[in-house]
Every structure is written in C-alpha cells, then in structure tokens.
Amino acid sequence: MADELLIATNGYKHTWQAIEYGAWLANSMRMKITLLGVTEELNPASIDDHHPLEDIFESAVSLFKDRDVEYKLEIQNGEAEHVIPEKANGGDFITVVSPLGRPQVRRFVTGRSVRPLMEKIEGPIIYVPQTRLPIKKMLVSIGGLGYAESAENLAFQVATTCNAEVMILHVIPPADLDYPSTREVREHLGDLADTDTLPGRNLRKALKLARGVGLDAKVIVRSGSVVEQILAEVKEGDYDVVCMGSPYSAHSLRQLYTPNVTAEIAELVHCPVMTARYKSV
C-alpha cells in the first residue's frame with residue numbers, strides 16, 4: 001500500500017472533510033501527507049485579494065501538527081479535475097478528496113466531481129462526502145468478476161488498524177437468462193461462499209484476505225438491483241465507510257456498456273467511499 005496521502009482542496013469549505021479524514025488516517029497508519037491546493041480562478045485584478053486556500057491551509061497545518069503527521073504543502077493553478085489526477089498519477093499516493101463545490105447545473109450534466117477523478121486517477125481514492133470517524137464498521141462490496149481485490153487489500157489494512165467490524169457484500173443482479181450457474185447462485189443465497197460458483201470463489205478469497213490480517217469478517221448476500229441493494233445495505237447497516245472496486249480495472253469493452261456502480265454509490269451515500277483499481281499479478 002502507498003505510504004503517502006495526497007489530500008486535495010480548491011478552497012471550497014467542504015473539502016475540509018477530506019483534510020480532516022486524511023489527517024486522521026495518516027496519524028492512524030503513520031503515513032505522510034501532501035496537501036495540494038488548486039487555485040482555479042486566477043484573476044489578475046484580484047491578485048492581492050484574500051484567497052480561501054489561505055484559511056484552509058492555515059487550519060490544515062494546525063491540524064497536521066496536532067495529529068503529529070509529516071506533511072508538505074503544494075499549490076498549483078488550473079482546474080481541479082485536471083490538476084489532481086496529474087499530481088496523483090505522478091507518485092505513489094492514496095488520494096483523498098471531497099466535493100469541490102461545483103454548480104448544480106454542472107453536476108446535473110456531468111455528475112459530481114468524483115466521476116472524472118475516478119476515471120483519471122490510477123491509484124486508490126478515498127472520497128469523503130461526510131466525515132465519519134473513527135471507523136468502527138466497514139462494508140466491502142465485491143462484484144462477480146474479482147476486480148475488487150486491490151480495494152479489498154486497502155480496506156482490510158485500514159480495518160486492521162482501526163479494529164473495525166467488516167462485512168463483505170455480494171449483490172446478485174437480476175438475470176434475464178436461466179443458466180445452470182445462475183440457478184445455482186440463486187439457490188444458495190444463504191451459503192453462497194460455500195459454493196463453487198464464481199461469486200462463491202470470490203467471496204472465499206475475500207474472506208481469506210480478511211482473516212489473513214486478523215479480521216473476523218462476515219458475508220452478506222443480497223439480490224436485486226446492484227446500486228439499490230448496496231444503498232439499502234449501507235443505510236440499514238449504518239456503515240462508516242464503503243469500499244468498492246473500480247470499473248476502470250477492466251481494460252476491455254465491458255467498461256463501456258456497464259454502469260459505473262462505484263461512482264453512483266459515491267454520489268449517493270453519506271459516508272466515505274474507498275476505491276482502487278484491480279492490478280493483475
């Protein structure tokens with residue numbers, strides 16, 4: 001796992017949540033911090049005006065010192081959706097971001113800022129729409145193709161540090177065709193992890209990873225719309241963080257026609273979302 005956090009802010013007040021979350025994580029896991037400030041609107045006429053980054057940097061430095069974490073500060077000019085990925089991809093970072101305060105019309109057309117960031121950033125991302133600390137309960141949602149392994153490794157390392165309760169979720173989506181393998185999955189909702197199906201093997205692999213680092217993880221299986229079922233589990237389970245894989249793990253045509261479930265969840269839940277792309281070995 002990366003040993004440095006890249007925390008990004010454009011001065012928008014709610015990016016403080018990423019700073020607060022990153023400072024806590026860095027202290028808990030003994031990680032270094034790079035705080036990246038992005039100045040997005042440089043107007044020569046207002047060059048001497050007080051920029052919101054000044055206040056947020058001052059508060060962040062005070063927090064980092066209080067948390068006793070090693071940090072450095074950096075400021076770049078440009079649009080955050082371009083500057084942050086460029087910086088993130090230039091090093092071995094876990095990137096921590098919060099909503100960037102985009103206008104409602106822009107969010108309606110392009111989605112929240114987390115979407116382009118997830119698309120462009122190659123390393124792990126923690127998206128913090130709201131701060132929930134400490135982490136006591138974690139949901140790890142895995143798909144049926146095994147692309148969540150990198151995200152699982154990240155999640156289990158964090159959970160081990162926090163001694164968090166971990167639930168591993170698999171959602172069985174509606175099926176249009178009645179294949180024997182599909183029937184077997186649906187007939188074993190209560191013991192799917194014990195079957196030789198692809199989801200069953202992936203669940204056992206995730207359990208092995210979790211238990212290998214000392215976590216007493218449990219499996220939850222739900223059936224229905226993937227996004228709706230994940231959201232329902234997050235609400236019912238009152239989780240502090242959700243961890244999911246990235247659709248950009250798959251370098252194939254599949255990502256062009258399947259929904260970006262992780263981005264949809266990140267836009268809709270009220271807790272942090274961790275995600276990491278799958279890396280084959």
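Among the listed residues Ile47, Ile56, identify the single one that is touching a helix residue (DSSP H, G or I) at 6+ places or on another chain (Cβ under 9 Å) and either among the aliphatic types (A, V, I, L, M) or modelled with pLDDT under 95 (or both). Full working, then the answer.
Details: Ile47 fails: touching a helix residue (DSSP H, G or I) at 6+ places or on another chain (Cβ under 9 Å).
Matching residue, one of Ile47, Ile56: Ile56.
Can you go through Lys72, Lys32, Lys87 and tell me which one is modelled with pLDDT of 95 or more, touching a Ser or Thr at 6+ places or on another chain (Cβ under 7 Å) and charged (D, E, K, R)? Lay out the reasoning, then the answer.
On the way: Lys32 fails: touching a Ser or Thr at 6+ places or on another chain (Cβ under 7 Å); Lys87 fails: touching a Ser or Thr at 6+ places or on another chain (Cβ under 7 Å).
Selected residue: Lys72, the only one of Lys72, Lys32, Lys87 that is modelled with pLDDT of 95 or more, touching a Ser or Thr at 6+ places or on another chain (Cβ under 7 Å) and charged (D, E, K, R).
Could you please give the count of residues in the stretch 184-223 that are closer than 21 Å to Lys137 by Cα and of a type in the set (Asp, Glu)?
1
For residues that are basic (Lys, Arg) and not in a helix (DSSP H, G or I), scanning just the stretch 206-244, find the one that is surrounded by the most Cβ atoms within 10 Å (Cβ to Cβ). Talk me through it step by step, then tell me what you get.
Taking the stretch 206-244 as the starting set, the residues that turn out to be basic (Lys, Arg) are 208, 211, 218, 222, 235.
Of the ones still in play, those that are also not in a helix (DSSP H, G or I) are 218, 222.
Values: Lys218: 13, Arg222: 17.
The qualifying residue surrounded by the most Cβ atoms within 10 Å (Cβ to Cβ) is Arg222.
So Val185 ticks every box in (1) among the β-branched types (Val, Ile, Thr); (2) assigned to a helix (DSSP H, G or I); (3) modelled with pLDDT of 85 or more; (4) in contact with a strand residue (DSSP E or B) (Cβ under 8 Å, 6 or more places away or on another chain) but one. Which box is left unticked?
(3)
Starting from the stretch 209-231, keep only residues that are under 16 Å from Asn163 (Cβ atoms), then list their pairs with residues that are basic (Lys, Arg) and modelled with pLDDT under 95 whose Cβ atoms are within a distance under 7 Å, requiring at least 6 positions of separation or different chains.
As it stands, the answer is Ala217/Arg211, since those pairs meet every condition given.
The values are calculated or read from the model by the stated rules, or taken from the named source; none is laboratory data. None of the values given here were measured: they were computed from a predicted structure. Glycine gets a Cβ as well: all are built from the backbone with ideal geometry, and neighbour counts include every protein chain shown.
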